[in-house]
Structures are given as structure tokens and as C-alpha cells.
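Peer 1: Take this structure first; my questions come after.
The values are calculated or read from the model by the stated rules, or taken from the named source; none is laboratory data. Values in this document were obtained by computation on a predicted structure and should not be read as measured data. Neighbour counts run over all protein chains shown; Cβ positions are idealised from the backbone, glycine included. Ligands, DNA and RNA are stripped out before the accessible areas are found, and what is left, the full protein with its side chains, is counted by its heavy atoms. Shrake-Rupley method; radii C 1.70, N 1.55, O 1.52, S 1.80 Å.
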Amino acid sequence: MIFFIFFIFLWLECVATTLPLLLVFTSIILILRRKLWVFGLAFFGGLILDVLRVHELGVTSIFLVVWLFLVLLYERKYEIATIQFVLASSFFGSLLYLWIFGYKDMLMQAVVSSMVSVALFWILRRFNL
């Protein structure tokens, strides 16, 4: 089920929207599961995004992996499996992603992606996916 949602978010980010849905999804999965295979999933998804968007190969992958590493660093200081942490980390991660890759309307997109991340976190946590 997780891989199905991953490919849907990857497809939506490539075709329909400029929201960093892959960043949101991999962050939520890492927060809920705390497994290392999420880094591979983020790296693979970043490569696919770079190829389909005709960006420099590997830039998105490096950003996603570094962001997930930073999220895991906060695990020792804070409880990361809370809605407040998901809201803050997805907002700042999305804002940084949108700024680095030069998108417009960064603030509005970061707010929308943080709302999507809270909804996704609540759904995945509720149904134990």
C-alpha cells in the first residue's frame, strides 16, 4: 500500500502540481516507520523526479536524503511522531525545497503542503499503514 501511495504522489508531483509531495510523503513514512529503506525510496523517487522534470540528475535525491537525515537528528531531542512536529517540519522542508528549486508562491505552497502532510499523517496513523 505504501508503494502504491508513493507512486501516486510521484505521479502527481510530476504531472499535476508543484507541491513537494514526495518530500511530504517520505517524511511522514520516516516519522511513522523509522526504517532506513525510506532513504532508498526517497533517493529513487528523487531520481525519477529529476529525469521527468529534466533537472540535473541527483539534485532532488540529495535534498530529500539530507532532509530525512535532519528529521532523524531531531528524534533524540523531540518527539517526532506528533502533529506539531509534522506540521513544522513539512512547512520548513517544503519552504526550503521550493526556495532551492526556484518556485514561485513559496509561502502558499508550503502552507498547503503542510496541511496535506498533517492530513496524510493522520490518515496513515489512524489506519496503521
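Peer 1: List the number of the failed condition for ILE80; all other conditions in (1) open to solvent by 10 Å² or more (accessible area, probe 1.4 Å); (2) outside any helix (DSSP H, G or I) hold.
Peer 2: (1)
Peer 1: Another question, then. Would it be correct to say that ALA42 is without any contact (Cβ under 8 Å) to a residue 40 or more places away in the chain, hydrophobic (A, V, I, L, M, F, W, C) and buried (at least 20 other Cβ atoms within 10 Å of the Cβ)?
Peer 2: Criteria met by ALA42.
Peer 1: Would you confirm whether any residue within region 48-55 is open to solvent by 80 Å² or more (accessible area, probe 1.4 Å), assigned to a helix (DSSP H, G or I) and within 29 Å of ARG126 (Cβ to Cβ)?
Peer 2: no
Peer 1: Hey, another quick one. So, LEU68, is that one modelled with pLDDT of 90 or more, of a type in the set (A, V, I, L, M, F, W, C) and touching a helix residue (DSSP H, G or I) at 6+ places or on another chain (Cβ under 8 Å) or not?
Peer 2: Yes.
Peer 1: Output the residues belonging to region 56-77 that are assigned to a loop (DSSP other than H, G, I, E, B) and either in contact (Cβ under 8 Å) with a residue 12 or more places away in the chain or within 11 Å of the chain's Cα centre (by Cα) (or both).
Peer 2: GLY58, TYR74, GLU75
Peer 1: Given the criterion in contact with a helix residue (DSSP H, G or I) (Cβ under 6 Å, 6 or more places away or on another chain) and of a type in the set (Val, Ile, Thr), identify the matching residue among THR26, THR18.
Peer 2: THR26
Peer 1: Say we look at region 9-39 and pick out the residues that are touching a residue at least 60 places away in the same chain (Cβ under 8 Å) and of a type in the set (S, T, N, Q); which of these is surrounded by the most Cβ atoms within 10 Å (Cβ to Cβ)?
Peer 2: The extreme case among them is SER27.
Peer 1: Out of the residues in region 93-108 meeting the condition of being farther than 15 Å from THR26 by Cβ and either of a type in the set (Phe, Trp, Tyr) or within 13 Å of the chain's Cα centre (by Cα) (or both), tell me which one is most open to solvent (accessible area, probe 1.4 Å).
Peer 2: TRP99
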